[in-house]
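For reference, the structure is listed below as structure tokens.
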Amino acid sequence: MKQIKILILLVIAVFVSSCEDTFLTPDLTTGISSETFFTTEAEVESAVVNMYDGIQGFNASKDTDSGLNHAIQVEFYVTEMRSDNTRTKSQEGEAAQFEFYTIASTNGIVADYYRSYYNVIYRANLVLANLETAGSKSAQFEAEAKFVRAYAYFNLVRLFGDVPLIDKVIAPLDKTTSFTRVASSITYDLIVSDLQTAISNLDDTYKDRASKAGAEGLLAKVFLTLGRYGEAQVLLESIMNPSRGFGLESNFKDIFYNEGNKETIFAIGFLPGVNDDSQNFSAEWLNSVGRGSGVNYVTEDARTVLDALGGNRTALSYRQDVEQPTQYQVVKYLPNGDVDLEIPVTSPDPTSAGNDWIVLRYADVLLMHVEAILANSASTTSTTAITSFNQIRSRAGFTGSDLIATDGTGSISKQELLDERRVELAFENHRFFDLVRMGAAQTVLSDFASATGGSFSSNDLLLPIPQIEIGLSPEVNGESLLKQNPGY
């Protein structure tokens, strides 16, 4: 099911004052309010659908209102372009701050992402506040709302560290809750609790709404982040049970161009040619929006690894820019197709693309399974882990000695796992988080930045809290209640 904008709920949940209040507590702009709107199960479900619309975000090329939330459509800036995978084409403008680790607290893309996911949290809290009118679907809607809230907070806490924790709809004048950063451990407690509720009350009906497998996979990644490896392994093996129906697509290309496939576990849906439900990020990657710059272009470092380890995934991961042969573009999610690669056109207008964005897929589950077994060790000889690892390598076209032996003589190192995750999940916004979670970010990104003209320090592991929010924060003893991260 593709998500369609719900006008009434957008009036409630999206419009915010740009100068007097924070997006954490949106002001109403009409006489409609949540207190009078939610009277039936169908109305609550419209609020549930609206949560996914919040993650979907607005197509920036189709609506020039800079106050709108672009959500997942700008996620590649704050993740992939802060890794060694991608960069800008021109090394200019606000976008270049990400590749050189010179991000300013006034960076508008960072503020957009921060605002977007707190808006998503607001929408989830709005559902949770109105479950009494949800009838027989109350448990399902609660589970979906908690899944979405956990997903949003997991992104925020990994990117910004300690953040304000809003677990219910709050009054517009509640500035203390809106601007008080809480310890990340407290936020993680809420994330874990929310996902456990989701697991208990969902099935695997949907791929573009919350599901049991989606919640299990997300919680497994949370547990890996927290070092709770055994619990992660149990969740991942639940998804891997053949009875669940998930598996690897035999053709790597079909993952991205045959939507709703068996490998997809959770995706954000888009519709081509529909302003409110399309995306333009894949056109940005092709420099097809008329801005003359181009972003998320593939680094030489990433190309080298893909050429060596990608197998049949390489041609379906990046390609040479025909107009500028020294540049290389991401192939995944191409909106205008590629005849040579037999990739279909998904939208005649690349700036109004309908390619779904995959948040979690089965290959990620298999590689997390290896990580859970590897835990903090430098390597593992576990046949169980090697079997999961080899499934990925086999699908990539590797055979014989290119697979890890399962006779007790083979092993998988942490570096091999990081490399395999890099080539399998290239340009899917995982690389930066993988490096941080597996303790390699400081070394890898410092070396990469030094080689490419940037400078990476431990402060760059977190993004700055948007300065606009610090400016809106009330003062306590002459200082802003909302504190900035170190180094900004």
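Every read-out reported here was derived from the displayed coordinates using simple, explicitly stated rules and does not represent laboratory data. If you're wondering where the values come from, they're calculated on a predicted model, not measured in any experiment. In this analysis, Cβ positions are derived from the backbone assuming ideal geometry, glycine residues included, and neighbour counts consider all displayed protein chains.
Looking at the chain, identify the longest residue range that excludes and avoids all GluC sites (Glu not before Pro) in DSSP loops having at most 12 other Cβ atoms within 10 Å. Mind showing how you got there, number by number?
Values: sites that count: 20, 92, 323, 342.
Longest gap between qualifying sites, sites excluded: 93-322.
Hey, what do the phi angles of segment 415-426 turn into as Karplus ³J(HN,Hα) couplings, whole Hz, using 6.51/-1.76/1.60 and θ = phi - 60°, x for Gly and Pro?
5, 5, 5, 4, 5, 5, 4, 5, 7, 5, 10, 3
Step through the table entries 212/414; 137/168; 62/175; 221/253; 175/221; 146/332, compare each Cα-Cα distance with 23 Å, and write down the pairs that go over it.
Details: 212/414 29 Å; 137/168 20 Å; 62/175 33 Å; 221/253 25 Å; 175/221 32 Å; 146/332 30 Å.
Those over the limit are 212/414; 62/175; 221/253; 175/221; 146/332.
Need one word for the chain: rounded, prolate or oblate. Basis is the Cα gyration tensor (sqrt eigenvalues a ≥ b ≥ c); a/c below 1.5 gives rounded, then a/b vs b/c decides. Spell out each step's value before the answer.
On the way: a/c = 1.43, a/b = 1.30, b/c = 1.10.
In terms of gyration-tensor shape, rounded.
Note the full-extension length gain between residue 447 and residue 415 as 0.36 nm times their separation in residues minus their Cα-Cα distance, in nm to one decimal.
Contour length minus the Cα-Cα distance gives 10.0 nm.
Hey, what do the phi angles of segment 44-61 turn into as Karplus ³J(HN,Hα) couplings, whole Hz, using 6.51/-1.76/1.60 and θ = phi - 60°, x for Gly and Pro?
Result, ordered by residue: 5, 5, 4, 5, 5, 4, 5, 4, 5, 4, x, 5, 4, x, 9, 6, 5, 7 Hz.
Skipping prolines and chain starts, which residues have an amide H placed within reach, meaning under 5 Å, of the one on residue 360, given they are 5 or more residues away or on another chain?
Here the answer is 265, 266, since their amide H atoms fall under 5 Å of that of residue 360.
Taking +1 at the Cβ of each Lys and Arg and -1 at the Cβ of each Asp and Glu, which of 285, 193, 266 sits farthest along the dipole of the chain towards its positive end, judged by Cα position relative to the Cα centre?
Sorting the options by dipole projection puts first 193.
Under a point-charge model restricted to the Cβ atoms of Lys and Arg (+1) and Asp and Glu (-1), what is the dipole moment magnitude of the chain relative to its Cα centre, in debye to the nearest 20? Before the final figure, lay out each step's value.
Details: 37 positive and 63 negative charges, 119 e Å.
The calculation lands at about 580 debye.
Placing unit charges on C-beta atoms (Lys and Arg positive, Asp and Glu negative, everything else neutral), compute the dipole magnitude of segment 252-322 about its Cα centre in debye, rounded to 20. Each step should come with its number before you reach the end.
Numbers: 6 positive and 10 negative charges, 32 e Å.
The dipole magnitude comes to about 160 debye.
Which one of 118, 54, 215 is farthest out on the positive end of the charge dipole of the chain, using unit charges on Cβ (Lys, Arg +1; Asp, Glu -1) and the Cα centre as origin?
Ranked along the dipole, the leading option is 215.
Kindly write out, for segment 124-137 in residue order, the coupling ³J(HN,Hα) from the Karplus curve 6.51 cos²θ - 1.76 cosθ + 1.60 (θ = phi - 60°), rounded to whole Hz, with x marking Gly and Pro.
Working through the residues one at a time gives 5, 5, 5, 5, 4, 7, 10, 5, 5, 9, 8, x, 5, 9 Hz.
Of the options 473, 413, 432, report the single residue whose Cα projects farthest towards the positive end of the charge dipole of segment 376-487 (beta-carbon charges: Lys, Arg +1; Asp, Glu -1).
It is 413.
Starting from the Cα gyration tensor of segment 230-388, multiply each eigenvalue by 5, take the square root, and state the resulting semi-axes largest first in whole Å.
Rounded to whole Å, the semi-axes are 32, 20, 13.
State, as an integer percentage, the relative contact order of segment 105-222 based on alpha-carbon contacts under 8 Å between residues 6 or more apart.
26
Kirkwood Rh and Cα-based Rg: tell me the resulting Rg over Rh for segment 114-218, rounded to two decimals.
0.97
Using the crude model of +1 on Lys and Arg Cβ and -1 on Asp and Glu Cβ, and no other charge, please compute the dipole size for segment 181-266 relative to its Cα centre, in debye to 20. Walk me through the numbers before you get to the answer.
Values: 9 positive and 12 negative charges, 34 e Å.
Computed about the Cα centre, the dipole is about 160 debye.
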